[in-house]
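What follows is a short report on a single structure.
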Amino acid sequence: MPLRSMPLYAVEIDATALDMIFKEMVARGTPNVRPVRAEPTDPKLPEPVDLVFNCGVYHDMKDRVDYFRSLASSLRPGGRVAILDFHPRGFFSGMFGHRIGKDEVRGEMEAAGYRLMNDYDVVDRQHFQIFEKSDS
């Protein structure tokens, strides 16, 4: 199946953010993007997927270990979870809580049943890790 025809699920728990995703999808003419209204504990993906990309929101999630443990059933065999988030560096990082250390992410993902596949420092302020289910 060509990549442009494969479904891309934009999962969001916030209705306002989901509306913004839908408007962007229409404006850009991306019919393969399918907005999904999720719950904080359930991504509500309509089918198993190959990749889940979590960009800059991991630190905001509640009950991350439980969430990613439940997400495992939404991954196809060999499916991966990629997490991009901000290093807890700098004076303001601890004040606002919009940062998380990559070791904390790794520990939580391992507790959820995943193992680290790749670890990158993409830019000075961010870390990027790719995980797969431990039983894969």
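Rule-based calculations on the coordinates, nothing more; no lab input. A quick note: this is a predicted structure, and the numbers were derived from the prediction, not measured. With ideal geometry, Cβ positions are generated from the backbone for all residues, glycine too; neighbour counts draw on all protein chains shown.
Mind checking the angle between helix 15-28 and the chain's longest principal axis? C-alpha axes, 0 to 90 degrees, to the nearest 10.
60
Treating each Cα of the stretch 39-87 as an identical point scatterer and ignoring solvent, apply the Debye formula and state log10 I(q)/I(0) at q = 0.15, 0.19, 0.27, 0.28 Å⁻¹.
-0.38, -0.61, -1.15, -1.21
Can you work out D for the chain in µm² s⁻¹ from Stokes-Einstein, where Rh is the Kirkwood radius over C-alpha pairs, the temperature is 10 °C and the viscosity is 1.306 mPa s?
Values: Rh = 15.9 Å.
Rounded, D is 100 µm²/s.
Please sort by residue number the trypsin sites (Lys or Arg not before Pro) in the stretch 1-88 whose DSSP state is loop and whose Cβ has at most 14 other Cβ atoms within 10 Å. Mind dumping the intermediate values first?
Numbers: sites: Arg4, Lys23, Arg28, Arg37, Lys44, Lys62, Arg64, Arg69, Arg80; in loops: Lys44, Lys62.
Those satisfying the criteria are Lys44, Lys62.
P(r) for the stretch 1-77, please, calculated from all Cα pair distances in 10 Å bins and given in %.
Per 10 Å bin, starting at zero, the Cα-Cα P(r) for the stretch 1-77 comes out as 17, 50, 29, 4 percent.
For the chain, find the longest principal axis of its Cα atoms and tell me its angle to the long axis of helix 102-111, 0 to 90°, nearest 10.
70
Measure off 7 Å from each Cα along the Cα-to-Cβ vector at Glu47 and Ser134, then give the distance between these two points in nanometres to one decimal.
Between Glu47 and Ser134, the label points sit 3.1 nm apart.
Counting helices only, and only those DSSP H runs with n ≥ 4, report the 222 nm mean residue ellipticity of the chain as the sum of -39,500 (n - 2.57) divided by its residues, in deg cm²/dmol to the nearest 500. All intermediate terms of the calculation are to be shown ahead of the outcome.
Numbers: 4 runs with 36 residues, N = 136.
Calculated from helices alone, the mean residue ellipticity at 222 nm is -7500 deg cm²/dmol.
Taking chymotrypsin sites (Phe, Trp or Tyr not before Pro) as candidate sites, keep only those in a DSSP loop with at most 11 other Cβ atoms within 10 Å, then name the longest stretch of the chain containing none of them.
Numbers: sites that count: Phe91, Phe92.
In the chain, the maximal stretch lacking such sites is 1-90.
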